[in-house]
Amino acid sequence: MGRSVYRNDVAEKDLKITLLALDDSLMGILPGHKVKGNGNSIHETQNYTTNYLGQTIIEAYVFYMQLLFILCCIVWCQESRRQSAPGCPIDFIRHDDSCYQIFANPTLKWWEAMEFCQIYGNGEGTLATVESESEQLFLENELKKKFPSPVGKDFWLGANDITHEGTWVWIRKNEYVQEYTHWAPGQPSSGTSENCLALYDGVQYKWNDAPCGLPEGFICEIPVSSPNEIVG
Ligand SMILES: [Ca+2]
Ligand SMILES: [Ca+2]
């Protein structure tokens, strides 16, 4: 997405600067162009020009070979990452029929995070809905791998009890949270002051209700093989 485009622009700019510098060097050996040196004789100038031309051609060849190698590495890395999660966009991880991405930064309020996931997934995305023990354990393990040291951080999931206190709903599917729950001991804890669902690192990523207006981390989920695959 935007980050990749930015990196490409920077790389392209660096390449143009390098090529301009190279062109400037080549200009120095063109007939009629003043050549750096002592200029004592035509013979010395011709030798200097010949040596300089050979050296410049070799340097240009090495430069382009290095550039080609780097470009091949970038393509290979992107393809490897795609292959690591078949059916998922770049940087997403897969579990069963869904692709997930965990965001610690930027931190967003619950509604902002829900909108972010929808746009980021080209309309297919949502804050993650955790509907099975398998899905919960998968996300717990990924979060523990990514953030081994708890820092008191919540990661938003896609449910809230804003409409009716105590009645939790997976918003994107408009389904009650009832088949599977994984509340931490003592949660949900704070009535109408905490209405949005999160995985909290302080309780081993079990469920916590938290104030929806707090900027927190979040987890996006999209279906596998989304027709609107994101191109990074
Ligand atoms: Ca509540
Ligand atoms: Ca709570």
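The values are calculated or read from the model by the stated rules, or taken from the named source; none is laboratory data. Quantities reported herein were computed from a predicted structural model and do not represent experimental measurements. All Cβ positions, even for glycine, are placed from backbone atoms using ideal geometry, and neighbour counts span all protein chains on display.
Among residues of region 189-218 that are more than 12 Å from residue 157 (Cα to Cα), those with a beta-carbon under 7 Å from a residue that is within 11 Å of ligand 1 (Cβ to nearest atom) and in a strand (DSSP E or B) at least six positions away or on a different chain give the pairs 189/209; 190/209; 194/209; 194/210. Taking the criterion of being of a type in the set (Ser, Thr, Tyr), touching an Asp or Glu at 6+ places or on another chain (Cβ under 8 Å) and more than 12 Å from ligand 2 (Cβ to nearest atom), the residues of region 165-191 that qualify are 167, 180.
Okay, residues lined up against (1) closer than 23 Å to residue 105 by Cβ; (2) within 16 Å of ligand 1 (Cβ to nearest atom):
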position: 137; (1), (2): no, no
position: 151; (1), (2): yes, no
position: 156; (1), (2): yes, yes
position: 161; (1), (2): no, yes
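Test residue 215 against the stated conditions and say whether it is loosely packed, with under 13 Cβ neighbours inside 10 Å and at pLDDT 95 or above. No; evaluated as a whole, the condition is false for this residue. If you go through region 85-124 and keep only what is of a type in the set (D, E, K, R) and in contact with a Cys (Cβ under 8 Å, 6 or more places away or on another chain), you end up with 94, 109.
On the given criteria, is residue 153 more than 16 Å from residue 131 (Cα to Cα), among the basic types (Lys, Arg) and in contact with a strand residue (DSSP E or B) (Cβ under 7 Å, 6 or more places away or on another chain)? It is true that residue 153 is more than 16 Å from residue 131 (Cα to Cα), among the basic types (Lys, Arg) and in contact with a strand residue (DSSP E or B) (Cβ under 7 Å, 6 or more places away or on another chain). Do we have any residue at all in region 92-102 that's more than 17 Å from the chain's Cα centre (by Cα), in a strand (DSSP E or B) and polar (S, T, N, Q)? Yes, region 92-102 has at least one match. Residues of region 155-164 that are within 16 Å of ligand 2 (Cβ to nearest atom) and in contact with a helix residue (DSSP H, G or I) (Cβ under 8 Å, 6 or more places away or on another chain): 155, 156, 160. Hey, among the residues in region 176-206 that are away from ligand 1 (no atom under 16 Å from the Cβ) and assigned to a loop (DSSP other than H, G, I, E, B), which one's farthest from residue 150 (Cα to Cα)? Among them, the one singled out is 179.
Within 16 Å of ligand 2 (Cβ to nearest atom), exposed (fewer than 12 other Cβ atoms within 10 Å of the Cβ) and either free of Cβ contacts under 8 Å to residues at least 12 places away in the same chain or assigned to a loop (DSSP other than H, G, I, E, B) (or both), is that true of residue 148? For residue 148, the condition - within 16 Å of ligand 2 (Cβ to nearest atom), exposed (fewer than 12 other Cβ atoms within 10 Å of the Cβ) and either free of Cβ contacts under 8 Å to residues at least 12 places away in the same chain or assigned to a loop (DSSP other than H, G, I, E, B) (or both) - is not met. Of all residues in region 166-175, exactly one satisfies the criterion of being surrounded by 13 or more Cβ atoms within 10 Å (Cβ to Cβ) and within 11 Å of ligand 1 (Cβ to nearest atom), namely 168.
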